[in-house]
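Bear in mind these aren't lab numbers, they're just calculated from the coordinates by the rules spelled out. Since the structure is predicted, the reported quantities are computational estimates derived from the model, not experimental observations. For neighbour counting, all protein chains shown are included, and Cβ atoms are generated from backbone atoms with ideal geometry for every residue, glycine included.
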Amino acid sequence: MIALVRSEATKLLTTKAVWILAIVAVLATWPMSMTNSATPPNLPADSELLFSSAPIPLDYQGFEMAGFGYVLVVAIASLWAGSEYGGDGQIRTTLLATPKRLRVFLVKIALLAFVVAVTGFLTMTGALVITHAVGEAGINPWALTPVIWANIGGVVLAWTFTALIAFAVGTIARTAILPLILISPLVIGVGDFLVGLWPGAKALPTTAGASLYSDPATGLFLEPALGGLIQATWAAVLVAIAAVTFTRRDL
């Protein structure tokens, strides 16, 4: 088992695309948070020149930056799922070295969850510290409120569940293309658009996940606990299907 973890970790951590996407998620979000939080001087908070005239509660300010990293997380998971099925047939070598397929699958999703969780924590913690340091809205950036920490945890969970969903879809399809096509549009705004047309869209995996760190008073999202449960169910079901497919399907 130790040898398997070491070999799979080597694959994941030596894939340049994974490092690039993770670093971009962190280092690009921070300056974007700084720019987004810098309010022009002498501009009222309810000015029409601002992005929204409706004030955002302090505990939820800065979490709009989570959407940028969301896309990169889907890309990381998709690449990790599809990398084994490229032209060199790496999956054959993997299973020759470790014939116990379920063990291989579980190690892969555990490593992915770890990388995404760390990336999400670093990204959003830095983004929120910068948001409240630059915005000077009244919250000490070095002593964030319990609600803000809970919302940061919500982003980490939402990103991790979304990554597992993308990985499961990629494993079932044996390609990185399908999860990118299916999940990326939901992440970049299609999910929120569908909520305006059909209330049932709140139960879509990415929209349900967004409820873990979004202001429920807007009416666009489910209650955090319910949204988290729904997204976790999506992830559990798809991961279970992918596990069965991975262990029983011919190469």
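Can you find, among VAL190, ALA158, THR175, the residue farthest towards the positive end of the dipole of the range 139-251? Put +1 on the C-beta of Lys and Arg, -1 on that of Asp and Glu.
Checking the options against the dipole of the range 139-251, the answer is THR175.
Count of lysine pairs in the chain with Cα atoms under 25 Å apart, counting only pairs 8 or more residues apart in sequence or on different chains? Walk me through the intermediate numbers first.
Values: LYS11/LYS100; LYS11/LYS108; LYS16/LYS108; LYS100/LYS108.
Eligible lysine pairs with Cα atoms under 25 Å apart amount to 4.
Just tell me the longest site-free run in the chain, where the sites are GluC sites (Glu not before Pro) in a DSSP loop having at most 11 other beta-carbon atoms within 10 Å.
Working: sites that count: GLU48, GLU136.
Counting at most 11 other Cβ atoms within 10 Å as exposed, the longest clean stretch of the chain is 137-251.
Net charge around GLN90, counting only other residues with Cβ within less than 11 Å of its Cβ (Lys, Arg = +1; Asp, Glu = -1)?
Values: positive: LYS11, ARG92; negative: GLU84, ASP88.
Net of charged neighbours comes to 0.
Once phi is turned into θ = phi - 60°, what whole-Hz ³J(HN,Hα) does the Karplus curve with 6.51, -1.76 and 1.60 give for every residue of the range 194-203, x standing for Gly and Pro?
Computed from phi, the couplings for the range 194-203 are 5, 4, x, 9, 8, x, x, 5, 4, 8 Hz.
When the Debye formula is applied to the Cα atoms of the range 118-246, each taken as the same point scatterer, what base-10 log of I(q)/I(0) results at q = 0.13, 0.16 Å⁻¹?
-0.59, -0.85
R0 = 30 Å: FRET efficiency of ILE188 with TRP19, Cβ-based, nearest 0.05?
On the way: r = 23 Å, r/R0 = 0.75.
Using R0 = 30 Å, I get an efficiency of 0.85.
In percent, what relative contact order does the chain have, based on Cα pairs under 8 Å that are 6 or more apart in sequence? Kindly include the intermediate steps, with their values, before the conclusion.
Numbers: 322 pairs, mean separation 58.0, N = 251.
Rounded, it is 23 percent for the chain.
How far is the Cα center of the range 106-144 from the Cα center of the range 155-195, in Å?
Measuring centre to centre over Cα atoms gives 20 Å.
Apply the Karplus parameterisation 6.51 cos²θ - 1.76 cosθ + 1.60, with θ equal to phi minus 60°, to every residue of the range 169-174 and state each ³J(HN,Hα) to the nearest whole Hz, in sequence, with x for glycine and proline.
Result, rounded to whole Hz: 5, x, 5, 5, 8, 6.
Kirkwood Rh, the range 193-251, all Cα pairs: how many Å? Write down the numbers at each step before the final one.
Working: mean 1/r = 0.0801 Å⁻¹.
That comes to 12.5 Å for the range 193-251.
Compute the label zone of VAL118 within the range 148-167: residues whose backbone N is under 19 Å from the point 7 Å along Cα-to-Cβ.
Taking a point 7 Å out along Cα→Cβ of VAL118, the residues of the range 148-167 whose backbone N falls under 19 Å are 153, 155-164.
Based on the Cα gyration tensor of the range 75-139, what are the three equivalent ellipsoid semi-axes, each the root of five times an eigenvalue, rounded to whole Å and given largest first?
Working through the eigenvalues yields semi-axes of 39, 12, 6 Å.
How many nm is it between the label spots at ALA110 and MET32, if each spot is 7 Å from the Cα in line with the beta carbon?
Simple spin-label model gives 3.2 nm for this pair.
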